[in-house]
Amino acid sequence: MSGLVVRDLRVVFDGFVAVDGVDLEVAPGDIRFLIGPNGAGKTTLVDAVTGLARATGSVRFGDDELLGRPVHRIARMGVGRTFQTATVFEELTVLQNLDIAAGAGRGVLTMLRRRRSVPAAVSSALETIGLADLRDRPAGALAHGQKQWLEIGMLLVQDVKLLLLDEPVAGMSHDERDATGELLRVVSADRTVVVIEHDMDFMRSFANTVTVLHAGKVLSEGTVAQVQADPAVQQVYLGVG
Amino acid sequence: MTVIVSQLFTGVSIGAVLLLIALGLSLTFGQMGVINMAHGEFIMAGAYTVFVLQKVITDAGWSLLVALPVAFAVAGLMGVLLEYLLIRRLYARPLDTLLVTWGVSLILQQLARDIFGAPNVQTRAPDSLTGNIKITDDLVLSNNRLFILTLALLAVLALTLTLRYTSLGRRMRAVVQNRDLAAVSGIPTGRVDRLTFFIGSGLAGVAGVALTLLGPIGPTMGTNVIIDAFLVVVAGGIGHLKGSVIVAFALGTLQSLVEYSTTVSVAKVGVFVAIVAFLQWRPQGLFTLRTRSLA
Amino acid sequence: MKTGMRLSWRAGLGFAVGAAVLFAVAPVALSDFRLSLLAKYLCLAMVAVGIGLAWGRGGLLTLGQGVFFGLGGYAMAMHMKLADAGPGEMPDFMQLYGQLDALPWWWRPFANPAFALPATVLLPMLVAFLLGSLVFRRRVRGAYFAILSQALAAAMAILLIGQQGTTGGTNGLTDFQGFFGYDLDDPVNQRMVYFIVAGVLLLLLALCRQLMQSRYGELLVAVRDSEERVRFLGYDPANVKLVAYVTAAGMAGLAGALFVPAVGIINPALIGIVPSIEFVIGVAVGGRASLLGPVLGAVAVAWARTTLSEEFPAAWTYLQGLLFVLVVAFLPGGLASVARLVRRRRRPPPDPAPVSPAPVLTQEVTA
Ligand SMILES: Nc1ncnc2c1ncn2[C@@H]1O[C@H](COP(=O)(O)OP(=O)(O)O)[C@@H](O)[C@H]1O
Ligand SMILES: [Mg+2]
């Protein structure tokens with residue numbers, strides 16, 4: 001297992017500094033929550049780590065530098081993410097979605113042939129995310145929460161070592177949130193997990209460590225209790241809620 | 001030396017024509033993202049407006065002047081009708097819009113054939129535009145080219161002022177930049193779309209009037225210019241007028257220079273290769289509007 | 001899997017029926033003239049198969065298939081011209097224009113069938129590969145790609161017209177006598193050409209079906225629907241699109257190559273902007289994302305054109321315009337989507353949707 005080390009990360013959009021010199025270390029196997037008010041730069045940070053946004057500084061995962069590599073190469077190095085609005089392939093079935101996620105390393109011949117059986121990783125992920133009965137449904141017909149789980153399932157079969165989840169429980173019911181949190185625990189057994197989340201209850205229940213971002217900078221970092229006790233955090237963030 | 005200057009002038013005047021035919025598109029395609037293949041037929045409608053008006057107003061100069069606003073209105077109304085009947089339903093499907101409007105352009109071409117006949121027709125140019133201005137013995141600038149250049153620059157100026165300083169312009173830019181936000185801020189996005197489309201299509205009509213000065217007009221004249229117009233906007237970049245302006249003159253000059261040293265057909269291919277090469281460097285065109293949508 | 005077995009059994013049956021119609025029914029039922037018309041339509045249908053793959057499945061609206069059709073057609077036509085002229089001689093039209101003393105260098109290799117035949121397919125694929133790698137890698141897509149592909153068609157047609165002396169200009173290449181030693185005026189040989197065309201079309205359909213049903217086919221749909229998402233799964237979408245685009249180009253090239261002996265002509269009017277976009281309408285009418293839809297649509301549109309355009313050219317143009325408008329705007333799935341709807345009506349409705357369960361976390365993750 002590897003950890004994530006971010007050094008002096010900066011992302012600038014047309015002169016606007018969205019991420020302003022962030023340093024971040026996430027230990028292997030950690031569940032790190034990334035919180036902060038809207039516009040703090042959380043999503044942009046994940047965009048930079050996954051190669052979507054251009055950034056300066058350094059992002060190392062294990063021994064590999066991620067910055068400057070194209071998105072698909074970073075993905076192949078074991079870094080996976082979900083999006084704030086669930087993006088699954090709506091016209092493909094749940095099974096097809098997972099099968100594609102599992103297949104980036106497949107050879108040409110395998111690609112040109114039909115899928116004869118369900119890969120073991122895919123069927124176990126179907127069980128894990130509770131969508132085994134719906135595997136032949138088009139993903140577009142799934143409920144919102146189910147799409148989020150499908151996305152997580154896609155990360156599982158993709159066999160990523162670092163998961164970056166952007167607001168995975170937004171719009172979920174209480175039960176669904178708990179189920180998702182449990183899922184994260186299981187998943188983090190052999191992976192490093194970074195979760196962006198607004199929901200404070202959810203964070204208290206499932207976070208290992210927390211980083212607070214504000215206006216593109218790290219405001220505070222530590223355990224849930226430490227962060228909650230930090231006066232600076234209370235002022236800009238928790239104080240509001 | 002004069003050869004180069006005279007080729008440059010040719011280039012600038014080709015650029016002015018490109019700019020005129022592309023200017024409307026830089027609104028409808030560049031700002032709204034609508035791929036309207038019938039834009040070329042709006043140009044044709046503008047050209048035929050001159051032809052029809054000359055039946056009524058015999059003086060070529062007056063008919064040309066009157067044709068400018070009339071063609072703007074005719075083509076603009078055609079655009080509004082098209083937007084209202086079809087394009088409005090297809091905003092989420094840009095590629096399908098392309099095909100649907102191609103169908104519309106086929107129908108409009110055939111209508112022109114049925115009304116005006118298939119062969120090209122000639123309009124009369126006013127005497128004041130048929131002459132030349134002689135600068136040196138080798139360097140002769142034709143009046144009609146100068147007129148088109150002036151017209152193109154005036155159109156750009158008018159459009160820029162409209163976009164920047166009128167409330168319609170501000171609304172148009174608001175809708176382009178964030179449609180949902182504009183809608184919740186109380187801007188009637190549907191009406192703004194229709195007005196934008198009116199102006200963009202109207203500019204096609206004006207371009208059509210200008211084209212009557214350069215040669216005969218006919219039902220297929222739109223097809224001949226539409227691709228060039230789209231290439232200008234693609235290379236210029238979505239959402240910026242100045243990109244289209246710069247690219248139009250650059251392409252005009254390039255074409256005239258390549259044409260001078262080879263042939264017209266090689267120049268066309270040269271322009272295509274140049275654009276593909278250019279897009280390697282700037283895939284979103286010269287100027288870009290950043291968005292963070294995944295699509 | 002049971003359903004998989006049944007599907008491929010049905011596909012086999014469909015294939016057999018198609019083969020029977022093309023090889024047994026059509027040659028008996030149709031006159032020589034009609035049969036050669038059908039050969040022409042089937043060539044156009046080959047282009048449609050490729051467009052169905054690239055556009056229907058891959059979302060690549062290619063408005064320049066005429067370029068590849070033309071490359072294949074001209075490659076074949078150059079070979080046939082040189083074969084007609086005999087070793088060392090110049091083709092008749094070059095002697096007629098009398099501008100050239102010798103065969104241009106780029107004509108020469110086409111005298112050799114071992115070069116010309118593969119070139120009909122490989123040349124279009126090469127051009128598609130070059131253009132595709134340039135634009136897909138730089139993420140030029142959607143409308144931009146469509147317009148560029150259309151501009152390529154325009155440029156190619158203009159280039160051909162401009163080079164009257166070496167390409168035949170507007171007239172193109174025509175008046176072929178023989179096809180690999182067989183006299184093309186002989187109806188028996190024309191039939192032979194028809195059979196070759198029909199056979200190749202079936203092969204291309206089989207190839208396309210394999211691609212559509214393979215894992216690659218699923219990935220292609222995924223790229224169409226969300227290119228960025230695919231990138232985050234570790235694939236390079238540029239490569240995925242490139243395969244579809246290059247395959248479609250190869251199919252169009254092959255179609256052009258067979259069009260020349262079947263119809264007897266290739267010229268710029270068959271490959272410019274207008275014919276290129278006309279290839280698309282048949283695909284839209286039949287159903288862009290289905291396998292057979294593009295073929296049936298292309299044949300139907302080509303047939304309607306022949307029937308109507310001679311007697312009522314105006315009516316045909318209006319109809320064609322209306323087809324673009326009505327089908328694309330209001331029936332984007334084409335006739336295939338109607339067929340699917342009818343089939344679904346007849347079948348009993350599927351099980352009611354299961355109630356969405358929360359994930360059951362009894363299972364350990366083994367992935
Ligand atoms: N592509 C972009 N262009 C310009 N500004 C952007 C872009 N993406 C994000 N931003 C800006 O960067 C800031 C951080 O955004 P984001 O990372 O989405 O915040 P968060 O996810 O913490 O709510 C915001 O002010 C946002 O407007
Ligand atoms: Mg965010």
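Here are a few things to note about the model shown:
- Counting only strands (runs of 3 or more DSSP E) that sit wholly inside region A:1-46, those with at least 1 residues that are away from ligand 2 (no atom under 16 Å from the Cβ) and within 14 Å of another protein chain (Cβ to nearest Cβ) are A:4-13.
- Subset of region C:259-278 [within 21 Å of B:Met37 (Cβ to Cβ), open to solvent by 20 Å² or more (accessible area, probe 1.4 Å) and hydrophobic (A, V, I, L, M, F, W, C)]: C:Ala269, C:Leu270, C:Ile273, C:Val274
- Criterion (open to solvent by less than 20 Å² (accessible area, probe 1.4 Å) and modelled with pLDDT of 95 or more) met by exactly one of C:Leu201, C:Leu184: C:Leu201
- Residue among A:Glu25, A:Glu90, A:Glu65 that is within 18 Å of C:Pro237 (Cβ to Cβ) and not basic (Lys, Arg): A:Glu90
- Members of region B:245-271 found to be within 14 Å of chain C (Cβ to nearest Cβ) and within 15 Å of the chain's Cα centre (by Cα), listed by number: B:Val247, B:Leu251
- Selection from region A:83-105 of residues that are within 17 Å of the chain's Cα centre (by Cα) and more than 18 Å from A:Val122 (Cα to Cα): A:Phe83, A:Gln84, A:Thr85, A:Ala86, A:Thr87
- Meets criteria (without any contact (Cβ under 8 Å) to a residue 12 or more places away in the chain, closer than 29 Å to A:Thr43 by Cβ and not β-branched (Val, Ile, Thr)) for A:Gly68: yes
- Options A:Val194, A:Val169; residue that is within 16 Å of ligand 1 (Cβ to nearest atom), without any contact (Cβ under 8 Å) to a residue 60 or more places away in the chain and not polar (S, T, N, Q): A:Val169
- When each of A:Glu221, A:Glu167, A:Glu197 is tested for being among the acidic types (Asp, Glu), within 16 Å of ligand 2 (Cβ to nearest atom), open to solvent by 10 Å² or more (accessible area, probe 1.4 Å) and more than 14 Å from every other protein chain (Cβ to nearest Cβ), the lone residue that passes is A:Glu167.
- Applying the set (1) open to solvent by 10 Å² or more (accessible area, probe 1.4 Å); (2) within 16 Å of ligand 2 (Cβ to nearest atom) to A:Glu65 leaves exactly one unmet item: (2).
- A single entry from A:Arg10, A:Arg54 fulfils the requirement of being loosely packed, with under 15 Cβ neighbours inside 10 Å, within 14 Å of ligand 1 (Cβ to nearest atom), in contact (Cβ under 8 Å) with a residue 24 or more places away in the chain and basic (Lys, Arg): A:Arg54.
- Single residue of region A:78-106 satisfying the filter (more than 7 Å from chain C (Cβ to nearest Cβ) and within 16 Å of ligand 1 (Cβ to nearest atom)) that is most open to solvent (accessible area, probe 1.4 Å): A:Thr85
- Subset of region B:187-222 [among the β-branched types (Val, Ile, Thr) and surrounded by fewer than 21 Cβ atoms within 10 Å (Cβ to Cβ)]: B:Ile187, B:Thr189, B:Thr220
- Those residues of region B:77-92 which are within 16 Å of C:Phe330 (Cβ to Cβ), assigned to a helix (DSSP H, G or I) and aliphatic (A, V, I, L, M), in sequence order: B:Leu82, B:Leu85, B:Ile87, B:Leu90
- Among the residues of region B:1-47, those that are at pLDDT 85 or above and part of a loop (DSSP other than H, G, I, E, B) comprise B:Phe29, B:Val34, B:Ile35, B:Asn36, B:Met37, B:Ala38.
The values are calculated or read from the model by the stated rules, or taken from the named source; none is laboratory data. Owing to the predicted nature of the structure, the values given are computational and were not obtained by experimental measurement. Quick reminder, even Gly has a Cβ in these numbers, built from the backbone with ideal geometry, and neighbours come from all protein chains shown. Protein only, heavy atoms only, side chains kept; ligands, DNA and RNA dropped before computing areas. Shrake-Rupley method; radii C 1.70, N 1.55, O 1.52, S 1.80 Å.
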